[in-house]
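These notes are about the structure you will find just below.
The values are calculated or read from the model by the stated rules, or taken from the named source; none is laboratory data. Every value quoted in this text rests on a predicted model; they were computed, and no experiment measured them. Please note: Cβ atoms are built from the backbone with ideal geometry, for glycine as well, and neighbour counts cover all protein chains shown. Accessible surface is based on the protein model in full, side chains and every heavy atom, while ligands, DNA and RNA are left aside. Shrake-Rupley method; radii C 1.70, N 1.55, O 1.52, S 1.80 Å.
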Amino acid sequence: DLHSIGRENFDWVVKNMADVLIENVHRPRQIEITGNWPAVMQGEPSDKKATSAKRPSPTHQPKPKPKSAAPAPARKPARRPEK
């Protein structure tokens, strides 16, 4: 957005992206897929840890935390400075 990055930066982005697109047209190259993102985007687990982890169902509610045995000590109210 022109207003969020300023005129000079906006012009730089537009020029450089145009140069990249023109270069891609003149010298096309095959896209190299690296990493595991294609599998992740298709819902496949990215590693063994992900396959063994149980995913909560959409209606899963976390268990309530058990109450501690001893209540927290009462705090004294803050004193106001005398004028």
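Quick notes
- Test: S46 is surrounded by 10 or more Cβ atoms within 10 Å (Cβ to Cβ), in a loop (DSSP other than H, G, I, E, B) and at pLDDT below 65: yes
- Looking only at region 20-43, and only at residues there that are at negative phi and open to solvent by less than 80 Å² (accessible area, probe 1.4 Å), the one that is modelled with the highest pLDDT: V20
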